[in-house]
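As structure tokens, the structure follows; a few thoughts come after it.
Just so you know, all these numbers are worked out from the coordinates, no wet-lab data involved. For clarity, every value in this text was computed on a predicted model and none was experimentally measured. Please note: Cβ atoms are built from the backbone with ideal geometry, for glycine as well, and neighbour counts cover all protein chains shown.
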Amino acid sequence: MTASKKILFLGGTGTISTSCVALALEKGHEVTVLNRGTSPRPLPEGAEALTGDVRDVASARAALGGREFDVVADFLSFTPEHVGTALELFEGATGQYVFISSASAYQKPPARVPITESTPLVNPFWQYSRDKIACEDLIVEAVRERALPATIVRPSHTYDATNLPTTGGWTDVARMRAGKPVVVHGDGTTQWAITHSRDFAVAFVGLLGNPLAIGDTFHITGDHVPTWNQIYTWLGQAAGVEAPELVHVASETIGRALPEALPGLIGDKAHSMVFDNSKVKALVPEFATTIPYWEGAVEQIAWYDAHPERQQVDASVDAAFDALVAHARSFGG
């Protein structure tokens, strides 16, 4: 068994980090979570909660009280400015700084698959991804020039019971249950790596305190890569709709109707994303896909049915889907 580590999670209550906190505790680590204390998700028993704003050095230092940690796992940095603040707080005060980047940073469209950690980082379509690349650049510079003990982790699409993967989220489920068609980008045959947060946590926690992970980069995506047609169909079946009607629309056309969805579509979801996970498996051989999405979808629908207050239909998105379906049908689609 790995020796117990003192681990600080920055965040710790999000889609991905919640499962990582729970598993770290299960593995016997001493877990502290620093955030603003505003998340509705409760921390699991045994986790220490510190309330402070990691964007504010004085607030974070007051919450931390000068404590040091074996590992700091940063789920809250999205821009180079955020990383700069984190390094000001923790450089020299931890044995491993783990930055959570994004697999969306990889080259779009990919020149070849499977994607490895050496695939170029270039995404001209999505500012979120470009910001993560800039964060990585800052960390790599600190590793080279100051021997920062850092590890970079790139998740792909990681979900839990609350995080529906489709463009419309619950609006898509409501449409299926009402017998209405749902809009799927492209022809629905591109492959998409979709990973349950509990599976992700196995690889992630396995890297924490691992000396072989320091100074290196890993993506954690799992090997489950269904098509989008399968993802929508499994979600519909979990919701009680055996054969949901899928209407295929070009990503760019969806983006004209729903501008907020465009960067994530053309900058990520429109492309087949298949990953080689051999690098992280070499260090964490127990990592595997144990929850395929057809099971994850059942878990998601059960959660939403148990929380009707979260079953929010976005009227503007619903109307945009109606218009997209009508347009596709007018051209025989």
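Could you please rank W294, W234, placing first whichever residue has the fewest other Cβ atoms within 10 Å of its Cβ? Please report the intermediate quantities before stating the final value.
Values: W294 16, W234 19.
Ascending Cβ contact count within 10 Å gives the list W294, W234.
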In degrees, nearest 10, the alpha-carbon axis of helix 127-146 is tilted away from the dominant principal axis of the alpha carbons of the chain by 20
So who's got an amide H within less than 5 Å of the one on V33, skipping anything under 5 residues away but keeping other chains? H placed 1.01 Å off N, in plane.
F9, E48, A49, L50
Along the range 30-35, what does the Karplus equation 6.51 cos²θ - 1.76 cosθ + 1.60 (θ = phi - 60°) give for ³J(HN,Hα), rounded to whole Hz, x for Gly and Pro?
8, 10, 10, 10, 10, 7
With eigenvalues of the C-alpha gyration tensor scaled by 5 and rooted, the range 1-145, Å
27, 18, 15
For the range 1-72, the Rg and Dmax computed from alpha carbons only, in angstrom
11.8, 37
Full-extension gain in nm, E88 to A147, via 0.36 nm per residue minus C-alpha separation:
19.8 nm
Could you give me the ³J(HN,Hα) list for the range 183-197, computed from phi with Karplus coefficients 6.51, -1.76, 1.60 and θ = phi - 60°, whole Hz, x at Gly and Pro?
8, 10, 6, x, 9, x, 9, 5, 8, 9, 6, 10, 10, 6, 4
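Based only on other Cβ atoms within 10 Å, what is the fewest-to-most ordering of S251, S77, S118?
So the residues, fewest neighbours to most, are S118, S251, S77.
Counting DSSP beta bridges with both partners in the chain, what percentage is antiparallel, nearest 5? Don't skip to the end; give the middle numbers.
Values: 2 of 37 bridges.
The antiparallel proportion sits near 5 percent.
At 0.36 nm per residue, minus the direct Cα-Cα distance, what do S118 and A178 gain on full extension? Give it in nm, one decimal, please.
Difference between extended and current length: 17.1 nm.
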Tell me the Rg and the Dmax, in Å, that the Cα atoms of the chain produce.
20.4, 66
In terms of modelled amide H atoms, which long-range or inter-chain residues lie less than 5 Å from the amide H of T158?
T195
In sequence order, calculated HN-Hα J values of the range 206-221 (Karplus, 6.51, -1.76, 1.60; Hz; x Gly/Pro)
x, 8, 6, x, 8, x, 6, 8, 6, x, 10, 10, 9, 9, 10, 10
Check which residues have an amide H placed less than 5 Å from V98's amide H, if you skip close sequence neighbours.
V72, A73, D74, T151
Gain in span if fully extended, R310 to R41, counting 0.36 nm per residue against the direct Cα distance:
95.5 nm
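So how do Y232, Y304 line up by other beta-carbon neighbours within 10 Å, fewest first? Please report the intermediate quantities before stating the final value.
Working: Y232 24, Y304 21.
In increasing order of surrounding Cβ atoms, one gets Y304, Y232.
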